[in-house]
1. Being among the aliphatic types (A, V, I, L, M) and either surrounded by 18 or more Cβ atoms within 10 Å (Cβ to Cβ) or part of a helix (DSSP H, G or I) (or both) is the filter here, so list the residues in region 502-545 that pass it.
2. Looking at region 104-159, which of the residues that are polar (S, T, N, Q) and in contact with a Leu (Cβ under 8 Å, 6 or more places away or on another chain) is surrounded by the fewest Cβ atoms within 10 Å (Cβ to Cβ)?
3. Looking at region 614-636, which of its residues are in a helix (DSSP H, G or I), touching a residue at least 12 places away in the same chain (Cβ under 8 Å) and farther than 17 Å from Phe691 by Cα?
4. Are any of the residues in region 678-688 closer than 20 Å to Leu601 by Cα, in contact with a helix residue (DSSP H, G or I) (Cβ under 6 Å, 6 or more places away or on another chain) and either open to solvent by 20 Å² or more (accessible area, probe 1.4 Å) or not in a helix (DSSP H, G or I) (or both)?
5. The conditions are (1) in contact with a Leu (Cβ under 9 Å, 6 or more places away or on another chain); (2) over 23 Å from Tyr192 (Cβ atoms); (3) at pLDDT below 90; (4) not basic (Lys, Arg), and Leu333 fails exactly one of them. Which is it?
6. With respect to Asn193, determine if the residue is modelled with pLDDT of 90 or more and open to solvent by 50 Å² or more (accessible area, probe 1.4 Å).
7. Would you mind finding the one in Tyr660, Tyr655 that is at pLDDT 90 or above and more than 25 Å from Ser736 (Cα to Cα)?
8. Do we have any residue at all in region 80-101 that's touching a residue at least 40 places away in the same chain (Cβ under 8 Å), under 16 Å from Val153 (Cβ atoms) and not aromatic (Phe, Trp, Tyr)?
Amino acid sequence: MSSPVQESGLRNTSPSPEPGTTQNNETGALATDSDSDNDKADPGVAETKTRPTFAIKMLNLCKEIIVMVLIAVAYAALTNESPPKVSKSPAAYPFFPTNSIITDWYKGQITEAIEKARSSDIAFVMFYAPWDAESQTARKQLEVTASYMHQEVAFAAVNCWQPGSECKRQYSKVYKWPVLIAYPTHGRGIQYNGPLEAFHMIKFLQNLCKPLVRPNNTDDLIGKHDTVISANLNVLPGSYEYAVFYSTALRFLERDPFRDAIFAVLPQKQDLEPSIHLHVWNGTITYDGEWSPESLTAWILKNSQQVTSWVAPTGMKSLTLASFVQPGPTLILFTPKNPLFQRVDYYDMLKEVTYEYYNCANNTYAAKRRELVREERLRGRENYQKLRQRCLNRRINEGKRVVTSVPNIWTNSTFKDICNCVSNEMISKICPEKDASVLTVDPMSPDHLLKTVAEEACREFLLAHRYAPPIFERRVENSLDVTGFACQTNSSLGFVAIDSLRFSHFAEKLGVDLSTSVQKTGVVIVDEKMETHHIMAANLNGTNLRLFIRNFTQNTLSRSLRSRVHLKTKSNHFYPHLDCSKSSHFCVTELATHNFLDTILQPNKVVVVFYYSKQCSFCNGIGYVFLTAAKLLFGVENMVFARIDGDANLLPWEYTMESYPTILFIPANRKSESRAFPKNLQITVPNLIGFILANVEPVLKLQTMWSICCQTKGLSSRTSPLAFQFADEKSKCVASVRMETLTVIDKTLKEWRNSTRKQNVLHKLQVLRHLHLLFAHSPEEVVKIRSYLTKVRD
C-alpha cells in the first residue's frame, strides 16, 4: 500500500515519455522551434522593443543624478558654518527732542546711562520701546516732570528695543513698556509703579528725595496717614539701624507709590535700644524681628490693618477690586485725588466715619484716632485758605517780578539764581550790581530761606491746582452717630476710595453720574452676594454719609435702578430721540431703566424684549434677526418690539438676564408668565416667529398670522417667515389662517356653552364666521378682513 506522499507524487508526475526520447530533448526541440520563429520575425519589431529599454535606462540615470545633487546640497548646508544672512536693523533715532532736558540714550547704551545716573544724587530713567503707545504717552509726561524737577533729579531715557543694542541684549524679556526706575547714589534702583502722569511722577520723586519725616510726635502723623511706621533710632553717621530703616522706606515706595504709609524717625540717644512701632487704626505693634529691609518690609505688609484705603486698579484684567468687594458689602467713595495735595478732605471724612463704625468695644485708641483726623481736617482747611490767599497775592504782584522760576533750597543753586525771584524793590538791597565783587547778603540767611520756602510752596500750590482743585466739606458736622454699627449685623461694611479723575468709568458703570457734579464725588454700596447696589442720592457730607450707612444696616435702603451714564461715542448705538409711539414707520423702542417697567407692563400689550450688550459679539447678528421679525409683525397693533442694553441698565432682579443675547416674551395680560426664548433652539426668523405664535392668545395669534400673510408676496423664499405650517405661497398661508380660524371658532363655541354672557360670545362667533368666509373666498379684501379682526379683538 503506497503512502500519501507517494500518491501525491504520482498524481503530480507528468506522463512518461515515449521510448527512444527524453524530456530534455523535447524541451530543446521546443526552444529550437522558438528560435526559428524569432528568426523568421520582422526586424522592425526588435528595434521597437529596444527603444523603451533605452528610455527607462536614461530615466533611472536622471533620478540617480538628482538624488546625488540633493545629497550634495544637504551636505554642503550642514557643513557650512557661516551665519545666516539677516537684513540690517534700521538705524536708531532720537526719541526725545534734541533740546530736551532728558538725556536720550537712543542707541541703547545702558552702561553709560547707569554710570551717568549714579553720578547724580537721584536719577530717574525711563526704559522705552519707540513703537510702544504707552512709551509715547509717557514721553510727554516725563518731559513735564523733568521741567519741574530737573534741578533736584537727573532725567534720562534708554532705548531697550534697538536690535543689537546693549540694553536689548541684557533685557530681552520685558513684557511691558515703559519701565521707569529711580536710581539713588547708592543701593539698587527703585521702580516706579504708579500712573504714567506727570503729577504722580512729581509726587513720587518728592517722596524719594525725602523718604523719612521727623515729626515732633506721632500724633501729628496719625491724623494724616493711614499707616504710620515710627522708629526711635540713633541717627548719627554710621548708624546701622538708621541705614536699614532708610533703605526700607525707599524700597516701600515700589509697593506704595502714593505713600499711604509714612516712615517717621524719632531721634534718641545712642545708648538706648532702637525700636520700631507700627501704628494701625486700633493699636500699636512693636517690631521684634531681624534688622534687615526684607524682614522689616514683610512685617509691615503682614501687620498693616486699614479700615479704609485707596484702591487703584491696574488698567488690565486683575482682581484688585474683587478682593475688596467679594468678601461682603462694600462702600465705595468716588472722589478726586490730587497727588500734590497732602490731604483729601472727603477721604478723611470717610476715615472719621469708619473709625466710628468699627469701634464696637469703645476702643480708646480708635476714638483718639478719630478725633485726630477731625482736628486735622479743620486744620487742613484753615491752612489751605491761608496758603491760597498768600499765593493769590503773589500772583497779583507777579508783574513786578523779574523771573517767575524759583530754585529749591536743597539744591546747589547760585546766588545769582536766587536773586531772580526777588521783587524789583529788593534787588538794590539784596542782589549785587553786575560789577560788584562782594556780596552784601548771605544767601543762606534764615529770612532768605523762609522766603524761598514760601515761593516753592506757592509754586507747588499753583501746579496742583492745574491738576484738580481741592474739595472740602462745607461744614464739618456730626449730628448722627454710627459707633459700633459693624457689630450689629453679620454683614459689616468694607470701605474703599477710588480716584474719580482716573477711574470715572467704574462710577459710570454703577450708575453714579459724576459728569454733572462739580465735585466729581459720589458714594455707592455694592453687595456682590445679594447682586444689589445702593447709590447715595443726597449731597455728600458727614451727616448724610452716616445716615446712608445706618439705613443700610437697618435694611431700609431700596435697590438702585439707574442706567449707566452713557458717554457720547461714535459707536454708542443708542437712539433716545426716536419715539416709536408717535412714529408711523417701522420702529423698535430703545428702553432704559427709567421707562422699562412702564413699557413692558402696558395692559393688553404683548411686549417682546431683546437683551443685548455692546461687549457681546453675537448680539449684532441676532439683532438683525430680531429686527427682521419685528418688521414682519409691524402691522400687529397690540404687539410691541423693544430692545435694551442689559449690561448698561440696572433692572429689577426678575428682569435681569444672566447671558446675552436673550429674547423675552411678555404676554398681554399675564405679565408674571413671561418666557425667554429657549437656549437649545437656534435664533432664526422662523423660530422666533414660531416662538411668538406659540405664546400669544388665540385671537392675537390669528391677527399675527394674517399680518405675515399680507407680506408674503414681498418676501423671497430665503427670508420666508413660515417655520412649521406655512409655505411660501400666499394661498397656502391663507389656508393656514383659515384653519386657525376654525380652531378659534371651536374654542369660542366651548366658551359660549359655559358663558353667562351668551349674547357677546354669539356676536364674536358671527364675526369669526365672516372672517372664515372671507379667508376662503375673498382673501384679497384686506381692509375688510382687518376691520373684522379688530372687532374680534374688541
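1. Hits for region 502-545 are Ala507, Leu510, Val512, Leu514, Val523, Val524, Ile525, Val526, Ile535, Met536, Leu540, Leu545.
2. If we filter region 104-159 for residues that are polar (S, T, N, Q), which is where we start, we get 109, 111, 119-120, 135-137, 141, 145, 147, 151, 159.
Next cut, in contact with a Leu (Cβ under 8 Å, 6 or more places away or on another chain) only: 137, 141, 145.
Numbers: Thr137: 13, Gln141: 18, Thr145: 26.
In this case the residue turns out to be Thr137.
3. Passing the criteria: only Cys619.
4. no
5. (3)
6. Numbers: modelled with pLDDT of 90 or more: yes; open to solvent by 50 Å² or more (accessible area, probe 1.4 Å): yes.
Spelling it out, Asn193 is indeed modelled with pLDDT of 90 or more and open to solvent by 50 Å² or more (accessible area, probe 1.4 Å).
7. Residue meeting the stated conditions: Tyr660.
8. Within region 80-101, one or more residues are touching a residue at least 40 places away in the same chain (Cβ under 8 Å), under 16 Å from Val153 (Cβ atoms) and not aromatic (Phe, Trp, Tyr).
The values are calculated or read from the model by the stated rules, or taken from the named source; none is laboratory data. All values derive from a computational prediction rather than experimental measurement. Glycine also receives a Cβ, built like all others from the backbone with ideal geometry; neighbour counts cover every protein chain displayed. Keep in mind that these areas ignore ligands, DNA and RNA; they rest on the heavy atoms of the full protein, side chains included. Shrake-Rupley method; radii C 1.70, N 1.55, O 1.52, S 1.80 Å.
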